[in-house]
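A short write-up of the structure that comes next.
The values are calculated or read from the model by the stated rules, or taken from the named source; none is laboratory data. Since the structure is predicted, the reported quantities are computational estimates derived from the model, not experimental observations. For neighbour counting, all protein chains shown are included, and Cβ atoms are generated from backbone atoms with ideal geometry for every residue, glycine included. Keep in mind that these areas ignore ligands, DNA and RNA; they rest on the heavy atoms of the full protein, side chains included. Shrake-Rupley method; radii C 1.70, N 1.55, O 1.52, S 1.80 Å.
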Amino acid sequence: MKTMIGLGDLLVSLSPENYLRFLQADHFMVSYTGAEANVCVSLSRFGLKTQLLTRVPQGAIGDCALAHLNRYGVGTDYVARGGERIGVLYMERGASQRPSQVVYDRKGTAVCEAKPDDFDFDAVFDGAGWLHFTGITPALSGHTPALCLEACQKAKAHGLQISCDLNYRKKLWTPEQAKLVMERLLPYVDVLIANEEDVEKVLGIKAAHSDVAGGKLDVDAYISVAGQLHRTYGIPYIATTLRESYSASDNGWSAMLYTGGKPYVSRKYNIHLVDRVGGGDSFSAGLIYGLMSGFEPQRALEFATAASCLKQTIEMDFNLTTVAEVELLMKGDGSGRVQR
């Protein structure tokens, strides 16, 4: 199977232990994260070859970040080195009725200064089969929209499939800015992944009869939204995760895939969350794996949903499950019994 390329940010993640608040913490757990990096790690665990395209500073911390990716099998052969600093994400985990909190410190980081000529896209995409990016990457700075556009154009010239998770972040740009940029990128996208909030804020299409805060979803409304997205932008595959947020500790989790004029809906999992961050990225990875493997739409969707369900039972942002573990859950074994 051909290599999957992720284009995006790589950050240091600092979190208080367990469920401590920032105010209580006197030390932090260190890990590394980034939406596209999370996707690459998950796919590497599934047995695919992956490479992350990013820019990190020279020095010990940049080296540590790349070594962490290499530890999980992600290639960093084409990473650009330069800039003064790497981004930092602070994560306070919520519980029950108290939501999690994320604080970003990523202004002026190395990747924000990345330009198209930092990468030899012809070399990167030679022998590759897939490019994945998120709406976070073009939102990082005034430079990164051009970087994403050239990457998409070069990927298409090399015959790659392209997936995008809209992943709207209000702390990075406004809905108006996001729509202007993303509508230039969507013509290159074959698989669009977006939840109800992203579609509404970035593209102005609202899922009717849904109450995200109250944990109420109307699946038919999302099917309607997917149909509108397909007719407006001509995207062959449109997927959305369907999270029912009962509390910060318990969620309902399912998903929908729209392709060929037909919707597919997955089974639903009720998850007692360990760490929900990275759930969407693990869904993207599962869907990419399924489509690259030639799965028919329902199976690809079920694989993605099961994979992302399992990720939310794992600490930190990387999904460290295997194909065998995902397939076991797909077959109905969600008992959590000890495997001996």
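If a residue has to be of a type in the set (Gly, Ala, Ser) and at pLDDT 95 or above to count, how many in region 84-113 make the cut?
In the first step, residues of region 84-113 are kept if they are of a type in the set (Gly, Ala, Ser); the result is 87, 94-96, 100, 108, 110.
Those left that are additionally at pLDDT 95 or above: 87, 110.
Looking only at that region, the number is 2.
Output the number of the condition that SER15 fails; it satisfies all remaining conditions of (1) farther than 26 Å from HIS272 by Cβ; (2) small (Gly, Ala, Ser); (3) within 21 Å of the chain's Cα centre (by Cα); (4) buried (at least 20 other Cβ atoms within 10 Å of the Cβ).
All conditions pass for SER15, except number (1).
For region 225-247, which positions are touching a Ser or Thr at 6+ places or on another chain (Cβ under 6 Å), modelled with pLDDT under 95 and within 19 Å of SER282 (Cα to Cα)?
LEU242
Looking at region 287-299, is at least one residue modelled with pLDDT of 95 or more, open to solvent by less than 10 Å² (accessible area, probe 1.4 Å) and out of contact with any strand residue (DSSP E or B) (no Cβ under 8 Å at 6 or more places or on another chain)? Working first, answer last.
The first filter runs over region 287-299 and keeps only residues modelled with pLDDT of 95 or more, leaving 287-299.
Next, only the ones that are open to solvent by less than 10 Å² (accessible area, probe 1.4 Å) stay: 287-288, 290.
Still in the list and also out of contact with any strand residue (DSSP E or B) (no Cβ under 8 Å at 6 or more places or on another chain): 290.
The answer is yes; a qualifying residue exists.
Return the residues of region 75-95 that are within 30 Å of ASN251 (Cα to Cα) and buried (at least 19 other Cβ atoms within 10 Å of the Cβ); say none if nothing qualifies. Explain how you work it out, then say what you get.
Here is the first cut: in region 75-95, the residues within 30 Å of ASN251 (Cα to Cα) are 87-95.
Those that are within 30 Å of ASN251 (Cα to Cα) and buried (at least 19 other Cβ atoms within 10 Å of the Cβ): GLY87, LEU89, MET91, GLU92, ARG93.
Pairs only if they're at least six apart or on different chains, beta carbon under 9 angstrom, first in region 187-201 and without any contact (Cβ under 8 Å) to a residue 24 or more places away in the chain, second in a helix (DSSP H, G or I); list them, first residue then second.
Every condition considered, the pairs that remain are GLU200/PRO175; GLU200/VAL225.
So which residues in region 165-190 are touching a helix residue (DSSP H, G or I) at 6+ places or on another chain (Cβ under 7 Å) and among the hydrophobic types (A, V, I, L, M, F, W, C)?
Matches in region 165-190: LEU166, LEU172, TRP173, ALA178, VAL181, MET182, LEU185, LEU186.
Residue under question is ARG45, and the condition is that it be open to solvent by 10 Å² or more (accessible area, probe 1.4 Å), in contact with a Ser or Thr (Cβ under 9 Å, 6 or more places away or on another chain) and modelled with pLDDT of 95 or more; does it hold? Can you show your working first?
Working: open to solvent by 10 Å² or more (accessible area, probe 1.4 Å): yes; in contact with a Ser or Thr (Cβ under 9 Å, 6 or more places away or on another chain): yes; modelled with pLDDT of 95 or more: yes.
Here the answer is yes, as ARG45 does meet what is asked.
Considering only region 258-274, I want to know if a residue exists there that is part of a strand (DSSP E or B) and among the polar types (S, T, N, Q).
Yes, region 258-274 has at least one match.
Within region 275-312, can you find the residues that are of a type in the set (Val, Ile, Thr) and in a loop (DSSP other than H, G, I, E, B)? Spell out how you get there, then give the answer.
We begin by selecting, within region 275-312, every residue of a type in the set (Val, Ile, Thr); these are 277, 288, 305.
If the condition is that a residue be of a type in the set (Val, Ile, Thr) and in a loop (DSSP other than H, G, I, E, B), then VAL277 is the only one that fits.
Can you tell me which of (1) in contact with a strand residue (DSSP E or B) (Cβ under 9 Å, 6 or more places away or on another chain); (2) closer than 24 Å to TYR168 by Cα is the one VAL274 doesn't meet?
Tallying (1) in contact with a strand residue (DSSP E or B) (Cβ under 9 Å, 6 or more places away or on another chain); (2) closer than 24 Å to TYR168 by Cα, VAL274 fails exactly one: (1).
Which condition does HIS143 not pass, out of (1) of a type outside the set (S, T, N, Q); (2) within 19 Å of VAL39 (Cα to Cα); (3) open to solvent by 70 Å² or more (accessible area, probe 1.4 Å), if it passes all the others?
HIS143 satisfies all of (1) of a type outside the set (S, T, N, Q); (2) within 19 Å of VAL39 (Cα to Cα); (3) open to solvent by 70 Å² or more (accessible area, probe 1.4 Å) except (2).
Report, ordered by the first and then the second residue, all pairs with beta carbons closer than 6 Å, sequence separation of six or more or different chains, a first member in region 4-20 that is among the acidic types (Asp, Glu), and a second member that is surrounded by fewer than 20 Cβ atoms within 10 Å (Cβ to Cβ) and in a loop (DSSP other than H, G, I, E, B).
As it stands, the answer is none, since no pair meets every condition given.
Select from region 96-118 the residues that are of a type in the set (A, V, I, L, M, F, W, C) and open to solvent by 30 Å² or more (accessible area, probe 1.4 Å) and list them in ascending order. Talk me through it step by step, then tell me what you get.
So in region 96-118, the residues of a type in the set (A, V, I, L, M, F, W, C) come out as 102-103, 110-112, 114.
Selection gives VAL102, VAL103.
Could you check GLN177 against (1) under 23 Å from ASN38 (Cα atoms); (2) open to solvent by 10 Å² or more (accessible area, probe 1.4 Å) and say which number it fails?
Evaluating GLN177 over (1) under 23 Å from ASN38 (Cα atoms); (2) open to solvent by 10 Å² or more (accessible area, probe 1.4 Å) leaves (1) as the failure.
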